[in-house]
Every structure is written in structure tokens, then in C-alpha cells.
1. What's the FRET efficiency of residue 182 with residue 160 using the Cβ-Cβ distance as r and R₀ = 41 Å, to the nearest 0.05?
2. Which value at 222 nm does the chain reach when only helices count, each DSSP H run of 4 or more adding -39,500 (n - 2.57), with the total divided by all residues and rounded to the nearest 500 deg cm²/dmol?
3. Using 7 Å Cα-to-Cβ label points, what is the residue 169/residue 203 separation (nm, one decimal)?
4. Indicate the gyration tensor shape class of the chain (rounded, prolate or oblate), computed on the Cα atoms with a ≥ b ≥ c the square roots of the eigenvalues: a/c under 1.5 is rounded; otherwise a/b larger than b/c is prolate and the rest oblate.
5. Is the shape of the range 84-221 best called rounded, prolate or oblate, per the rule: a/c under 1.5 gives rounded, else a/b larger than b/c gives prolate, else oblate, with a ≥ b ≥ c the square roots of the Cα gyration tensor eigenvalues?
6. Between residue 53 and residue 217, what is the label-to-label distance in nm when each label sits 7 Å out along the Cα-to-Cβ direction?
7. Could you give the length gained on full extension between residue 145 and residue 189, defined as 0.36 nm per residue of separation minus the Cα-Cα distance, in nm?
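Here, each number is a calculation from the coordinates, and none is a lab measurement. Bear in mind that the values here come from a model prediction, so they are computed numbers and not experimental data. Cβ placement follows ideal geometry from the backbone for every residue including glycine, while neighbour counts extend to all protein chains displayed.
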């Protein structure tokens, strides 16, 4: 059987069980197709939700930010967090307001955040932060200074529980409503890459690397991300 995350009251679908998935393959595929996540946590009884770039290695999620940020300082204490990603695939117009909806793919991942303090894991994480967006880019960059590295906090979260939720049904009306003279449709939604805009201060002769060929105008962002991350492997 395919590997799955444990299911309990935290991540089990309370309604529409047919939309819920707990297997590693589905959860990881949806995570790898996203660059931006939202991390939810509580500080002194006040809930917060922070958008941030993230990446995955096996069943561990990583994100980074300023070492002085409230989010990283709080999560360094090992508090429980929930990390989410959402892919909006369509807007759905039905024949009744109740049946208006959206097609989407989403993940909720639960665990305890921990600071990455091991030097080897931290060094690898800071490379992955770049190279799991843009393949092999770090090798051609100016090395980060000691002060830059010190100013960057890295947080890891081993996924303890996770669930994916997928709706891909388009227009669904009550059977008797299909005879009504009311317009209905599905409006597809995609995040698509635009034309690259080179920095205006590039030195003469500096060309766009071949490794960025996958990031071209008109390509869905999730396809470009999945290609890079699939090549890197778990």
C-alpha cells in the first residue's frame, strides 16, 4: 500500500470524505507545485498566519526569514504549527447561489517547528532555499557572507499529520435545476509565468543561464516548480 500520513481528529476530513487524501504521493506533489505557503501559529493566545517561501525534503518542510522576526523566534520554541498551500483551479458559477463553488487543490500539514541549528543541515537548507526553486543556481552565485548567514533563520517542521483536499468537479447543480434557463460555467484559473525581465544593471555579456529555460513565458508556475523539484528528488 502507498505510504500515508496518520489520520486522526486533527487532519481527518469532517465532511466530503471523497475529497480527502492522506497519501504521501498526493500531499508531496501538491506541496512541490507551490512556492508560497502560509504558516499559522499562536503567540500568547493571539493567532497569526504568515506567508513565506518554503521547500520540502522527504517529509520535512523548511522555511526561512530574518533571525529577528517574531515568527521565527516563536517557532524556535517548538510550538505546534500548521502549514498550508492552495492551488485555485477554477471559479464555478452554478444555477443557484448555494452551488457556486471553486475547483482547488490544497494541503494542510501539521507538526512542531524547530530551529535548524546543525551546521550541516543549515548549510544544506540555505542551498536548497535557492536550488529547489532554480536548479543548481547557488554554485554560480557570490557566496553569502557570515553576517548574511547569521541574519537568516531557518525553521524545519517534520510532517506529523497532513491531508490534501481536492475538488475537481466543475458545475454541479441539483438535477431539477439543469432545466432552468440560467447560465452556468466553469472559469479556469492558472498562475502563469510572464516574460522574464532582466535586471537593468546586468554587466555586458551576462546571458540568461540555460538552467532557467524551464521558466519561460506562458508556462504554469507549478509545472516549472515540479520539474525542478522532481529532478532534485526526495
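1. Given R0 = 41 Å and the Cβ-Cβ separation, E is 0.35.
2. Value at 222 nm, helices only, nearest 500: -5500 deg cm²/dmol.
3. 5.8
4. In terms of gyration-tensor shape, oblate.
5. On the way: a/c = 4.28, a/b = 1.74, b/c = 2.47.
It comes out oblate by the Cα gyration axes.
6. Taking the simple label geometry, residue 53 and residue 217 are separated by 2.4 nm.
7. In short, 11.8 nm is gained.
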